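Peer 1: Sharing a structure with you now.
The values are calculated or read from the model by the stated rules, or taken from the named source; none is laboratory data. Note that the coordinates shown come from a computational prediction; the quantities given were computed from them, not determined experimentally. As a convention, Cβ positions derive from the backbone with ideal geometry for all residues, glycine included, and neighbour counts pool all protein chains shown.
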Amino acid sequence: MGTGESDVDCNETIERLYHYLDGELTDERRQEIKHHLDDCPPCLDAFDFESELRQVIADRCKDRVPDALRERIRLALIEAERERDRTGS
């Protein structure tokens with residue numbers, strides 16, 4: 001689909017899209033993917049969709065942890081630390 005000016009093709013771009021969005025690629029590979037996205041509207045559409053979907057999920061999935069659960073976890077951590085100090089492990 002691209003103009004052939006980038007070193008990666010559509011299949012590779014789509015395959016690496018999640019790694020690109022997560023910042024898990026080398027700078028060189030990111031540049032190659034970016035150049036492909038600049039030259040290839042269908043891949044850019046896929047990128048835009050995935051990026052927007054991630055943002056929607058991040059915005060909607062902000063569950064609040066109940067205070068009672070926070071307190072139970074805090075107490076469990078204190079107890080685990082005491083146990084570790086007592087046994088030395």
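Peer 1: Taking region 19-43 on its own, how many of its residues are surrounded by 12 or more Cβ atoms within 10 Å (Cβ to Cβ) and in a loop (DSSP other than H, G, I, E, B)?
Peer 2: Total satisfying the criteria: 2.
Peer 1: Another question about this same structure. Filter region 44-69 for residues that are loosely packed, with under 10 Cβ neighbours inside 10 Å, modelled with pLDDT of 90 or more and among the small types (Gly, Ala, Ser) and give the result.
Peer 2: 68
Peer 1: I would also like to ask the following. Under 30 Å from residue 10 (Cβ atoms) and at pLDDT 90 or above - does that describe any residue in region 73-80?
Peer 2: Narrowing region 73-80 to residues under 30 Å from residue 10 (Cβ atoms): none.
Checked against the condition, which is being under 30 Å from residue 10 (Cβ atoms) and at pLDDT 90 or above, region 73-80 yields no hits at all.
Peer 1: Counting only residues that are surrounded by fewer than 10 Cβ atoms within 10 Å (Cβ to Cβ) and in a helix (DSSP H, G or I), how many does region 70-89 have? Please lay out each step first, then the result.
Peer 2: So in region 70-89, the residues surrounded by fewer than 10 Cβ atoms within 10 Å (Cβ to Cβ) come out as 85-89.
Then keep just the ones that are in a helix (DSSP H, G or I); that gives 85-87.
Total satisfying the criteria: 3.
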